[in-house]
Amino acid sequence: MQHSSMCALIFWALSLLAASTLASSSNDGSFYDSTAYTECKAEAEKPLYNGGMLKDKEPSVLGRDTLTGVGARYTPAYILHNLTQNTIYCFSIWVKIESGAASARVRARLRADNTTLNCVGSVSAKHGCWSFLKGGFLLSSPSNLSILIFEASEDDGKMQLQVASASLQPFTQEQWRNSQDYFINTERKRAVTIHVSRENGESVEGAAVTVEQISKDFPIGSAISKTILGNIPYQEWFVKRFDATVFENELKWYATEPDQGKLNYTYPDQMMSFVRANRIIARGHNIFWEDPKYTPDWVRNLTGSDLRSAVNQRIRSLMTRYRGEFVHWDVSNEMLHFDFYETRLGKNASYGFFAAAREIDSLATLFLNDFNVVETCSDERSTVDEYIAKVRELQRYDGAQMDGIGLEGHFTTPNVALMRAILDKLATLQLPIWLTEIDISSSLDHRTQGNYLEQVLREGFSHPSVNGIMLWTALHPYGCYEMCLTDDKFRNLPAGDVVDQKLVEWKTGGVKATTDDHGSLTFYGFLGEYSVGIVYQGKSVSTTFSLSRSPETKHVRLQI
């Protein structure tokens, strides 16, 4: 059998094996279930994994004094035995408020032998209907006795919670990685068959085929700052790796107009020239930042019509200058946490920014962008349900159009089960999701940063609803915001090694083979743009083709 035929046979065998593995895994509960719900329902749905470890198990009812030493409110909980180290536990449950307030945030937390995890999942629950809570956790040490507690943030002493369809499913590290690989292979790749024939249609056996991926459908990029300007080693290092970027601070209002009426776009103009020259896509960050600390001093002193005039001028100036240049704009940055413009210009002031931005640049994707949405559920301002509520509010606002979900992703210790659960719930909005500012806290050593970064990148790349990843790793003389990929001599740190490994792993390597007796060659490639060249008996032909998402094999036909 010829080499190309053998490759095709191996490819299809692996595909069948993956499908078989998925089917058997789904039956035994070891394959991850991405199901999520964001609407409050009249009846709870059936439990995921048929309940898993909680199948047919009724919740215990614990007094609040058991947990905190105060109050008499009672809360449902599940007693768990013999949780193991480094196992990933995914849980879900439906909750309903039976009495007390009309709505409340319900938080899941875990008390284990030596650990208390204050939030491993949350949901904004309502009175009289069922809300879906999805989360998870991983323990660094085994626990003989643990308590998974569901409690409302509302301090109303009459608050009563009802729970149903509880599920807790364990995954080994190998099972978790297998599910990631399955989603990568099915969502980020596609089968390709190249057919070579003569002009009369006769198949050509033994033609030499060379295929190269020239661009990727899934951008992985990094922030840059003005420090890259004139720094040739930095530029060469960056261009060798990344096809996407975002300007760290240079487009922010305090940078482009530090004094009223004195606009200065020198640095972003020069950085955009670098972007254009190297065929890099760029995100626009940001038009407005709701945090007053990062709003220009002179803007903080404005009120009423003067502030509104300044805001309108900011949008017109920035977006007219760079119309068509940035693929995204973070229109309102950190709206969940701050409300500078709403406080001064009215409740829905920032929604009008989206309408104005859309009018000027109709092709850019307009994003909300915020932190502590995917990193944790402990921040009550930015839970997944708060983000979803804000998106739906904005979508109802007349004239506004919000197109993308921006998740900053400033992690300390990632909880991959919680991260995936949150992405599942955000995916129900059917909007593009980007991880926009990924880094790992500088409170950790370089090796731990690298290990945690690998976890986050794999979660992002393997989730079907994530469309791109940006690292927040612009290099300065003092280092980086939190995490650097290299030292000042451009020698990789552990995080840099992880990024380089993933950039190679998630790109199709060069394909060199010959056509089989049907004149065909089959391979499995990551989505993106490709070049293909054919050589046969002294003749050659070449073309390009694109791989986009589709369950069907891509067929490319060439004549020689």
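With a cut-off of at most 10 other beta carbons within 10 Å, and DSSP calling the residue loop, which chymotrypsin sites (Phe, Trp or Tyr not before Pro) in the range 465-500 qualify? Please list them.
Numbers: sites: TRP472, TYR478, TYR481, PHE490; in loops: TRP472, TYR478, TYR481, PHE490.
In loop regions of the range 465-500 (DSSP not H, G, I, E or B), the sparsely surrounded chymotrypsin sites (Phe, Trp or Tyr not before Pro) are TYR478.
Just to confirm my numbers, what's the Cα centroid distance between the range 477-541 and the range 317-380 in Å?
34 Å
Express the carbon and sulfur contribution to the solvent-accessible surface of the range 48-171 as a percent, rounded to the nearest whole number, probe 1.4 angstrom. Could you put the intermediate results ahead of the total?
Numbers: 2340 of 5150 Å².
That fraction is 45 percent.
Could you pull out the longest piece of the chain with no exposed loop trypsin sites (Lys or Arg not before Pro) in it, calling a site exposed if DSSP puts it outside H, G, I, E, B and it has at most 11 other Cβ atoms within 10 Å?
The answer is 1-157.
Select from TYR322, GLN401, PRO296 the residue farthest towards the positive end of the dipole of the range 220-474; place +1 on Cβ of Lys and Arg, -1 on Cβ of Asp and Glu, and compute about the Cα centre.
Towards the positive end, the residue furthest out is TYR322.
First select every other residue whose beta carbon is under 11 angstrom from the beta carbon of ALA36; then total the charges, Lys and Arg +1, Asp and Glu -1. Spell out each step's value before the answer.
Numbers: positive: LYS134, ARG420, LYS425; negative: ASP33, GLU39, GLU45, ASP424.
Around ALA36, the surrounding residues sum to -1.
Can you give the helix-only mean residue ellipticity at 222 nm for the chain, where every DSSP H stretch with n ≥ 4 adds -39500 (n - 2.57) and the sum goes over all residues, rounded to the nearest 500 deg cm²/dmol?
Details: 14 runs with 165 residues, N = 560.
For the chain, the value works out to -9000 deg cm²/dmol.
In sequence order, what are the phi-derived ³J(HN,Hα) couplings for the range 468-483 according to the Karplus relation 6.51 cos²θ - 1.76 cosθ + 1.60 with θ = phi - 60°, rounded to whole Hz, with x for glycine and proline?
Coupling constants for the range 468-483: x, 9, 10, 8, 9, 10, 4, 8, 10, x, 8, x, 9, 3, 9, 10 Hz.
Through the Karplus equation 6.51 cos²θ - 1.76 cosθ + 1.60, θ set to phi - 60°, convert the phi angles of the range 110-127 into ³J(HN,Hα) values in whole Hz; use x for Gly and Pro.
Once θ is set to phi - 60°, the couplings for the range 110-127 become 10, 10, 10, 3, 10, 9, 10, 9, 6, 8, 10, x, 7, 7, 8, 8, 10, 6 Hz.
Using the heavy atoms of the protein chains alone and a 1.4 angstrom probe, what is the accessible area of the chain per residue in square angstrom?
Details: 24560 Å² over 560 residues.
Dividing the accessible area of the chain by its residue count gives 44 Å².
Can you work out ³J(HN,Hα) from phi for every residue in the range 406-421, in order, using Karplus 6.51 cos²θ - 1.76 cosθ + 1.60 and θ = phi - 60°, giving whole Hz and x for Gly and Pro?
Each residue of the range 406-421 in turn: x, 10, 4, x, 8, 8, 9, 10, x, 10, 5, 5, 5, 4, 5, 4 Hz.
Accessible area of the range 321-454 with a 1.4 Å probe: how many percent of it is carbon plus sulfur?
Details: 2020 of 4790 Å².
Of the solvent-accessible surface of the range 321-454, carbon and sulfur hold 42 percent.
With the cut-off at 1.5 for a/c, could you classify the chain from its C-alpha gyration tensor as rounded, prolate or oblate? Walk me through the intermediate numbers first.
Numbers: a/c = 1.95, a/b = 1.18, b/c = 1.65.
It comes out oblate by the Cα gyration axes.
Treat each spin label as a single point 7 Å out from the Cα along the C-beta direction, and report the HIS476 to GLN85 distance in nm.
Here the modelled spin labels are 3.9 nm apart.
What range in the chain is the longest one free of GluC sites (Glu not before Pro) that are in a loop by DSSP and have at most 12 other Cβ atoms within 10 angstrom? Intermediate values should be presented prior to the final figure.
Numbers: sites that count: GLU39, GLU43, GLU199, GLU202, GLU552.
The longest uninterrupted stretch comes out as 203-551.
Taking the Cα centre of the range 48-171 as the origin, how large is its charge dipole in debye, to the nearest 20, when only Lys and Arg (+1) and Asp and Glu (-1) carry charge on their Cβ atoms?
Magnitude of the dipole: close to 200 debye.
Taking Cα pairs under 8 Å and at least six residues apart, what relative contact order does the range 345-416 come out at, in percent? Could you put the intermediate results ahead of the total?
Details: 80 pairs, mean separation 30.1, N = 72.
RCO, the range 345-416: 42 percent.
The values are calculated or read from the model by the stated rules, or taken from the named source; none is laboratory data. What you see is a predicted model; the values in this text were computed from it and never measured. All Cβ positions, glycine included, derive from the backbone under ideal geometry; neighbour counts span all protein chains shown. The area values use the complete protein model at the heavy-atom level, side chains included, leaving out ligands, DNA and RNA. Shrake-Rupley method; radii C 1.70, N 1.55, O 1.52, S 1.80 Å.
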